[in-house]
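To keep things clear, I will list the structure first and then write my remarks on it.
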2 protein chains.
Amino acid sequence: MFTLPQKDSGTPTTSLGSVSQQGLHGNHGDGLEGECSRKPDQKPLKLYGVGDPTAMFSSDSPYLSSRGSVIKWFWDSAEEGYRTYHMDEYDEDKNPSGIINLGTSENKLCFDLLSRRLSQSDMLRLEPSLLQYPDWRGHLFLREEVARFLSFYCRSPAPLKPENVVVLNGCASLFSALATVLCEAGEAFLIPAPYYGAITQHVYLYGNVRLVCVYLDSEGVKVKGLILINPQNPLGDVYSPGELQEYLEFAKRHELHVMVDEVYMLSVFEESVGYHSVLSLERLPDPQRTHVMWATSKDFGMSGLRFGTLYTENQDVATAVSSLCRYHGLSGLVQYQMAQLLRDRDWINQVYLPENHARLKAAHIYVSEELRALGIPFLSRGAGFFIWVDLRKYLPAATFEEEMLLWRRFLDNKVLLSFGQAFECKEPGWFRLVFSDKTHRLHLGMQRVRRVLEGKSQVAEDAPSC
Amino acid sequence: MFTLPQKDSGTPTTSLGSVSQQGLHGNHGDGLEGECSRKPDQKPLKLYGVGDPTAMFSSDSPYLSSRGSVIKWFWDSAEEGYRTYHMDEYDEDKNPSGIINLGTSENKLCFDLLSRRLSQSDMLRLEPSLLQYPDWRGHLFLREEVARFLSFYCRSPAPLKPENVVVLNGCASLFSALATVLCEAGEAFLIPAPYYGAITQHVYLYGNVRLVCVYLDSEGVKVKGLILINPQNPLGDVYSPGELQEYLEFAKRHELHVMVDEVYMLSVFEESVGYHSVLSLERLPDPQRTHVMWATSKDFGMSGLRFGTLYTENQDVATAVSSLCRYHGLSGLVQYQMAQLLRDRDWINQVYLPENHARLKAAHIYVSEELRALGIPFLSRGAGFFIWVDLRKYLPAATFEEEMLLWRRFLDNKVLLSFGQAFECKEPGWFRLVFSDKTHRLHLGMQRVRRVLEGKSQVAEDAPSC
């Protein structure tokens, strides 16, 4: 680990640099769709001070602790965007003029396949052990299945082992648990930015751990590790084996833990994109500090099912995370269902993945072509559910205030997007647009996007470079 | 809130008095069955210091933070008891000489009823919203059902409201979340002892909050609230409305939050015992500081299903807890199942509860009579799954070491119990014996208990008074 040099060590409340907390919240969803919800006149929140940031907070409730107030603040500040959306959710029949959600990163294309599979008779098994206290690491039958599943789909050089698997209710919980057992309060993880901003809450709310963006202008924080998201969110990038190796070697040199989030690993729908899991590497530079995360939320389009898993060879880390799993447990019935799903290689390989990839591809082509027709630059590499869209030319001035105003115009025109500041993008004007939705919603959503942009079109300022 | 007077305020590392941490753990189960697992030569752990107890810890792993080491310690120290049990679990056919578990507080009497109900066709509904990101407070349809359910079974004077309900994956998580949002790190809750010892971990592991037993010899800690478990665990006591009122008035005078754990409220199987939920009171003295917990783990014999709920009128607290629910979420499919179960008043009232109570009563009578035949004093009031057994006369000396040696003799003779120290009982020699198990296991377990006690019987020392 290392401590970032302090530019101004005399200041007791060193700013955590660019890690703005505003908007990294959401009371529903993946914590990003509500990111633009802060009211314009609301004072932006910055968490200052490494030692005890909550001490800088004046509790806004006589009933809550100072940290309780921070926790509540994260919820409240998501209200506007999400409340607006949920009060006026689009429904083809009941509310056709409702809001289309192109903000939440969910795959809504394969409910028919999933619903059919999850309704099969092998899914509902009731036996006493499933209704009794579980092994908090996850039932052994499930951990065995996860090890086999990851061995196959990550193409590991040797079979992965069930004792290195810990199962819990989603990757948000896993970030929370890992941050807590690896870091002291106030320590930090490095993360390449822009990044999936909800991680800020995941490591902070319980663990009191910070993130430091890799465009480093943050300081005075002891860095304990590095977070890699592969495929990346929001850029859709996929790391090459060489790049992965470089990150891991860098981490090893500095004795940094690496949390690798591979939650989109089976959502690489463009065949030309060669995806490589970190578990496929012949030799991990520092296996005791390499911790891999996967979940069914994205790759199986089931964010509401709450199933995630850790793979780590480090038994101290696995045990400490397991100890916290009492607070992140999932139903024995769901554990059984997940084991059935993951072991059904025929269905996954012959039904689900080909169809899912074909649908993702078609949706992606449709949105890409719409954007091209509008003359809008974007990044998208054939992985994930989103396109990183450059709307800078539509901002009258290159400020985050203007970015938020544009976001609000979208919302007023009944389409919800995620804006770049929530991902710690440095340049105002980038938006994340989720395309993994049904055709009719996608068409309507893109019509509304087009309406906003055509009605408000501005002169381009410069070429994309994010 | 108030601060307990400090006897010796000059000492920087004030002992947390009698709140011994040893044995309050378990890597499976309810966190108590493994409580006797500390090896005799293992140095007992005490967490000292109010400000930062983890600082007193030397990390035993180069990979974990100091708090990570504490978290891991809680898991590891549960190993012996539970590992022994799980390596040699009793099975009528496959391992008839295996260990009988009379330690874990689970109701194993009604699996047939539950299994039949949970297999009915109304349980497996798949609709898109159940597989998508939920409202983290819980789906509205479930919170509505919980409000109706609690209104009915708690006999509330007015209908309870869904907006005061937060749903999450069990009461362990709820203790963790409430402790975090109500207390600063190092603050404490009062709890009448002996008490269900796993709560020590629940409030400490993430929240860094302590418990202070009501036989107060602890000091220098700011007390933020009071925990009431009703029916009590391990005593099986039920508070009268007058007693409840007195506790609540005391709490109000001192501006203390009250967390009321009513997780056994429908497991009062003796009709003569008049149970009163705190929600049945005509007027709560301090409704903004009264937070009620319930779950299906005990009353519906489904500890593996991970469903718990908070009821509080305090919207700040409900919101802050909801914000943490991202880490304590449960599957949409399980939420649907729970709503179906809770709304099926016919099945609950006419099938499940009468049969469950009859079976609990029969099991209780059997064990009580066995204990009487052995001349063993015990406490049990017709509620809960356990009998609080006075085995003091079997200890050659009144020490916790002897208590542990007796526990180990039980384990060596293939029966797992919970010993009193795990509940912060002051007198060595008390054990919690769970009777809510199938007849054949119960008979065999009691035979083994008898064998140990008859082979090692000692002269009684004094009358029971715990």
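Quick check: is even one residue across region B:303-320 surrounded by fewer than 20 Cβ atoms within 10 Å (Cβ to Cβ) and either outside the structural domain of B:PRO159 (by TED's automatic domain parsing) or in a loop (DSSP other than H, G, I, E, B) (or both)? Looking for residues that are surrounded by fewer than 20 Cβ atoms within 10 Å (Cβ to Cβ) and either outside the structural domain of B:PRO159 (by TED's automatic domain parsing) or in a loop (DSSP other than H, G, I, E, B) (or both), one finds at least one in region B:303-320, hence yes. Within region B:407-440, the set of residues being within 22 Å of B:GLY301 (Cβ to Cβ), of a type in the set (Lys, Arg) and buried (at least 17 other Cβ atoms within 10 Å of the Cβ) comprises just one member, B:ARG432. For region A:267-281, how many residues are at pLDDT 95 or above and either over 27 Å from A:ASN356 (Cα atoms) or surrounded by fewer than 23 Cβ atoms within 10 Å (Cβ to Cβ) (or both)? Counting residues in region A:267-281 that are at pLDDT 95 or above and either over 27 Å from A:ASN356 (Cα atoms) or surrounded by fewer than 23 Cβ atoms within 10 Å (Cβ to Cβ) (or both) gives 8. If we scan region A:215-228, do we find a residue that is away from chain B (no Cβ under 11 Å), under 28 Å from A:SER129 (Cβ atoms) and not in a loop (DSSP other than H, G, I, E, B)? Scanning region A:215-228, I find no residue that is away from chain B (no Cβ under 11 Å), under 28 Å from A:SER129 (Cβ atoms) and not in a loop (DSSP other than H, G, I, E, B), so the answer is no.
Scoring B:VAL167 on the criteria (1) at negative phi; (2) facing chain A (nearest Cβ under 9 Å) leaves a single failure, condition (2).
Please determine whether any residue of region A:284-296 is of a type in the set (S, T, N, Q), within 12 Å of chain B (Cβ to nearest Cβ), part of a loop (DSSP other than H, G, I, E, B) and open to solvent by less than 10 Å² (accessible area, probe 1.4 Å). Within region A:284-296 (the criterion being of a type in the set (S, T, N, Q), within 12 Å of chain B (Cβ to nearest Cβ), part of a loop (DSSP other than H, G, I, E, B) and open to solvent by less than 10 Å² (accessible area, probe 1.4 Å)), the answer is no, since none of the residues qualifies.
Tally the residues that are among the small types (Gly, Ala, Ser) and more than 9 Å from chain A (Cβ to nearest Cβ), restricting the search to region B:101-132. Final tally of qualifying residues: 3.
So that you can scan it fast, the table gives a plain yes or no per residue for (1) within 30 Å of B:THR104 (Cα to Cα); (2) at pLDDT 95 or above; (3) assigned by TED's automatic domain parsing to the domain that holds B:ARG381; (4) open to solvent by 10 Å² or more (accessible area, probe 1.4 Å):
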{"position": "B:PHE149", "(1), (2), (3), (4)": "yes, yes, no, no"}
{"position": "B:PHE152", "(1), (2), (3), (4)": "yes, yes, no, yes"}
{"position": "B:VAL165", "(1), (2), (3), (4)": "yes, yes, no, no"}
{"position": "B:CYS213", "(1), (2), (3), (4)": "yes, no, no, no"}
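Here is a yes/no grid of residues against (1) polar (S, T, N, Q); (2) under 22 Å from A:LEU178 (Cα atoms); (3) touching a residue at least 40 places away in the same chain (Cβ under 8 Å); (4) part of a loop (DSSP other than H, G, I, E, B):
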position	(1), (2), (3), (4)
A:GLY242	no, no, no, no
A:LEU248	no, yes, yes, no
A:ALA251	no, yes, no, no
A:MET265	no, yes, yes, yes
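Take the conditions (1) in the same structural domain as B:VAL263 (by TED's automatic domain parsing); (2) under 30 Å from B:GLN201 (Cα atoms); (3) not small (Gly, Ala, Ser); B:GLN340 misses just one of them, which is (2).
Taking the stated definitions as given, is B:PRO241 under 30 Å from B:GLN350 (Cβ atoms) and either open to solvent by 10 Å² or more (accessible area, probe 1.4 Å) or among the polar types (S, T, N, Q) (or both)?
Working: under 30 Å from B:GLN350 (Cβ atoms): yes; either open to solvent by 10 Å² or more (accessible area, probe 1.4 Å) or among the polar types (S, T, N, Q) (or both): yes.
Yes: the conditions hold for B:PRO241.
What's the total number of residues in region A:174-208 that are touching a residue at least 60 places away in the same chain (Cβ under 8 Å), buried (at least 24 other Cβ atoms within 10 Å of the Cβ), touching a strand residue (DSSP E or B) at 6+ places or on another chain (Cβ under 9 Å) and within 11 Å of chain B (Cβ to nearest Cβ)? Going through region A:174-208 one residue at a time, the tally reaches 5. Each residue in region B:364-393 was checked for being in contact with a strand residue (DSSP E or B) (Cβ under 8 Å, 6 or more places away or on another chain), in a helix (DSSP H, G or I) and more than 20 Å from B:ASN230 (Cβ to Cβ), and 4 of them qualify.
Contact annotation: residue pairs with Cβ atoms under 7 Å, 6 or more positions apart or on different chains, pairing a residue in region B:130-149 that is in a helix (DSSP H, G or I) with a partner that is charged (D, E, K, R), are B:ARG143/B:ARG137; B:GLU145/B:ARG343; B:ALA147/B:LYS161. Of the numbered criteria (1) in a loop (DSSP other than H, G, I, E, B); (2) in contact with a Phe, Trp or Tyr (Cβ under 9 Å, 6 or more places away or on another chain); (3) not assigned by TED's automatic domain parsing to the domain that holds A:VAL449, the one A:GLU106 fails is (3). When A:ASP135 is tested against (1) closer than 13 Å to A:TRP294 by Cβ; (2) within 9 Å of chain B (Cβ to nearest Cβ); (3) surrounded by fewer than 24 Cβ atoms within 10 Å (Cβ to Cβ), exactly one condition is not met: (1).
Taking the conditions (1) more than 15 Å from B:GLU424 (Cβ to Cβ); (2) hydrophobic (A, V, I, L, M, F, W, C); (3) in contact with a strand residue (DSSP E or B) (Cβ under 7 Å, 6 or more places away or on another chain) in turn, B:ILE229 satisfies each one other than (1). In the set B:LEU371, B:LEU310, only one residue is under 21 Å from B:SER156 (Cα atoms), of a type in the set (A, V, I, L, M, F, W, C) and at pLDDT 95 or above; that residue is B:LEU310. When residues in region A:300-350 are screened for being farther than 17 Å from A:LEU140 by Cα and touching a Lys or Arg at 6+ places or on another chain (Cβ under 8 Å), 6 of them pass.
Does A:GLN340 satisfy being polar (S, T, N, Q), out of contact with any Ser or Thr (no Cβ under 8 Å at 6 or more places or on another chain), within 14 Å of another protein chain (Cβ to nearest Cβ) and open to solvent by 10 Å² or more (accessible area, probe 1.4 Å)? It is true that A:GLN340 is polar (S, T, N, Q), out of contact with any Ser or Thr (no Cβ under 8 Å at 6 or more places or on another chain), within 14 Å of another protein chain (Cβ to nearest Cβ) and open to solvent by 10 Å² or more (accessible area, probe 1.4 Å). Taking region A:345-377 as the range and being farther than 30 Å from A:PHE431 by Cβ and open to solvent by 40 Å² or more (accessible area, probe 1.4 Å) as the test, the residues that pass are A:ARG345, A:ASP346, A:ASN349, A:GLN350, A:VAL351, A:PRO354.
Is it the case, given these coordinates, that A:VAL258 is part of a strand (DSSP E or B), of a type in the set (A, V, I, L, M), under 18 Å from A:PRO285 (Cα atoms) and within 14 Å of another protein chain (Cβ to nearest Cβ)? Answer is yes for this residue.
Does A:TYR275 meet the test of being under 27 Å from A:ASP390 (Cα atoms), more than 17 Å from the chain's Cα centre (by Cα), more than 14 Å from every other protein chain (Cβ to nearest Cβ) and not small (Gly, Ala, Ser)? Yes: the conditions hold for A:TYR275. Could we say that A:THR104 is more than 25 Å from B:MET302 (Cα to Cα), open to solvent by 10 Å² or more (accessible area, probe 1.4 Å) and either among the aliphatic types (A, V, I, L, M) or touching a residue at least 60 places away in the same chain (Cβ under 8 Å) (or both) here? In short, no.
It is to be established whether one or more residues within region B:391-400 are at pLDDT below 95 and not hydrophobic (A, V, I, L, M, F, W, C). Spell out how you get there, then give the answer.
Residues of region B:391-400 that are at pLDDT below 95, as a first pass: none.
No, every residue in region B:391-400 fails to be at pLDDT below 95 and not hydrophobic (A, V, I, L, M, F, W, C).
Kindly check whether there is at least one residue in region B:155-173 that is in contact with a strand residue (DSSP E or B) (Cβ under 7 Å, 6 or more places away or on another chain), more than 24 Å from B:VAL258 (Cα to Cα) and assigned to a helix (DSSP H, G or I). No - not one qualifying residue is present in region B:155-173.
The values are calculated or read from the model by the stated rules, or taken from the named source; none is laboratory data. Source: prediction; values computed, not measured. In this analysis, Cβ positions are derived from the backbone assuming ideal geometry, glycine residues included, and neighbour counts consider all displayed protein chains. Note: areas computed on protein heavy atoms with side chains; ligands, DNA, RNA excluded. Shrake-Rupley method; radii C 1.70, N 1.55, O 1.52, S 1.80 Å.
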